[in-house]
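Remarks on the structure that follows.
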Amino acid sequence: MFGFLKSLVGESRAAAAPRERAPGWVSVKGGDEFPIAEHTTPHNGYPVVDWEKVRAWVDGLEPEARRAQAWTACERAWLLHFRDALGAAFRLDESDTAAVVSSLDPNVARATLEFMARTVRRIGAVLEGIVQLAPWGKDILVVFDDEESYYRYVSYYYPETGEFAFSGGMHINSGCSHFVTVKKDLRVLEATIVHEMTHACLEHLPLPAWLNEGLAVNTEQRLAGAPRGALGAPDRLHDKLRRFWSVTRIQEFWSGIAFHLADSQAFSYELARILVEQLAKDWQPFAQFVLRADRADAGAAAARDCLGLDLGALVTTLLERETPKSWSPDPAKWEKKE
């Protein structure tokens, strides 16, 4: 796939089509209309839609086919406004199942759409029995030209205060599910797409962060050949993880806080990857565990019921640490930290 994308970069650009205007209203067959511009507000110059208002309008339509048409039309209208906010160099490229807003070469954008369609099918095969696709709309990817514009947009989805680690991509499931990333090397872009689309395929489940990220990282490595994390050589990884994790820090891992902290993010992704890699070796009971896991207790009850193990004991065994009980998920300690 990478070689194919790379070969397309040098191809001549197709003649540019007239630029479609971003609509103020969305209409569907039968005369129903929605004033999407009235329900869109700017955040650092980028359009943010009140998707609850969109959902209320769509839910009032009959039959189901019109609801699906209306939702997709609202997505498309928003993406045209997003394209305009990003600048004249950006386009909206579409296929039957996906949409990409970017300044990528048209041939690369088209290949990206094809890659997204294949990726959804491949994720379904790898994560058999646990994925669910959205009934309406398309898979949406927004590719920013630089990190500054990327963070200006995603800041809308972060709390107003706090310490946050950097990210190379994000799946945003607030209102309208979409993926965002920064324009980069094509191989890295493929890995980001796989990772974030895996999150989208699992968003119907109340997964704890460690399980969600562990599934995404392992799927990313399997389908995109992504290199392992940022902690260096594998032969040193065990020692680094063993020194880093403690009774206090492990609760930040189970609660999900550690995935957003600059000093613990890399360690969190690696530990999550290893845990999922080990647990998924026996797929059927692991799949049942995933379907029953709840972020409220980090999946502790589901692990006992479906896998017959204690998560704290599993971590201490892997890290060769003692006192497994104090390493188990303890939601009471998470509440005290908030």
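Per residue, what volume in Å³ does the Cα convex hull of segment 181-338 take up?
Values: hull volume 19.4 nm³, N = 158.
Value for segment 181-338: 123 Å³ per residue.
Across the chain, how many lysine pairs separated by 8 or more positions, or lying on different chains, have Cα atoms within less than 20 Å? Spell out each step's value before the answer.
Values: Lys6/Lys183; Lys6/Lys184; Lys29/Lys53; Lys29/Lys138; Lys53/Lys138; Lys325/Lys333; Lys325/Lys336; Lys325/Lys337.
Lysine pairs meeting both conditions in the chain amount to 8.
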* Asked: Full extension from Asp235 to Asp263: what is 0.36 nm times the residue separation minus their Cα-Cα distance, to one decimal in nm?
  -> 8.0 nm
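Percent relative contact order of the chain, based on C-alpha pairs within less than 8 angstrom and at least six residues apart?
Numbers: 463 pairs, mean separation 42.5, N = 338.
Relative contact order of the chain: 13 percent.
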* **Cα lying deepest toward the dipole's positive end in the chain, options Gln69, Gly124, Trp57, charges on Cβ** => Gly124
* Asked: For segment 225-305, which trypsin sites (Lys or Arg not before Pro) are in a loop by DSSP, counting at most 11 other Cβ atoms within 10 Å?
  -> Lys281
* Step through the residues of segment 24-30 one at a time and calculate ³J(HN,Hα) from phi using the Karplus curve (6.51 cos²θ - 1.76 cosθ + 1.60, θ = phi - 60°), rounding each to whole Hz and writing x for Gly and Pro. => x, 10, 10, 10, 10, 4, x
* Structure fact -> The answer for Phe144, listing residues at least 5 apart or on another chain whose modeled amide H is closer than 5 Å to its amide H, is Thr181, Val182, Lys183
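Which order do the peptides 64-71, 282-289, 79-86, 196-203 come out in when sorted by mean C-beta neighbours inside 10 angstrom, highest first? Mind showing how you got there, number by number?
Working: 64-71: 17.2, 282-289: 15.1, 79-86: 20.0, 196-203: 22.9.
Packing order, densest peptide first, comes out as 196-203, 79-86, 64-71, 282-289.
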* Structure fact -> With bins of 10 Å, the percent of all Cα-Cα pairs of the chain per bin from 0 is 5, 23, 30, 25, 13, 4, 0
* Simple spin-label estimate for Ser174 and Ala134 in nanometres, 7 Å along Cα-Cβ -> 1.5 nm
* **For segment 258-325 versus segment 97-139, the gap between their alpha-carbon centres in whole angstrom** => 28 Å
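I'd like to check one number: the per residue accessible area of the chain, probe 1.4 Å, reported in Å² as a whole number.
Values: 16540 Å² over 338 residues.
Per-residue accessible area for the chain comes out at 49 Å².
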* To do: Consider all pairwise Cα distances in segment 17-145 and report the whole-number % of them above 20 Å.
  => 51 percent
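Of all beta bridges DSSP finds with both residues in the chain, what is the antiparallel percent, to the nearest 5? Walk me through the numbers on the way to the answer.
Values: 14 of 22 bridges.
For the chain, the DSSP antiparallel bridge percentage is about 65.
The values are calculated or read from the model by the stated rules, or taken from the named source; none is laboratory data. Keep in mind it's a predicted model, so treat the numbers as computed, not measured. Neighbour counts run over all protein chains shown; Cβ positions are idealised from the backbone, glycine included. In case anyone asks, the SASA skips ligands and DNA or RNA and just uses the protein heavy atoms, side chains included. Shrake-Rupley method; radii C 1.70, N 1.55, O 1.52, S 1.80 Å.
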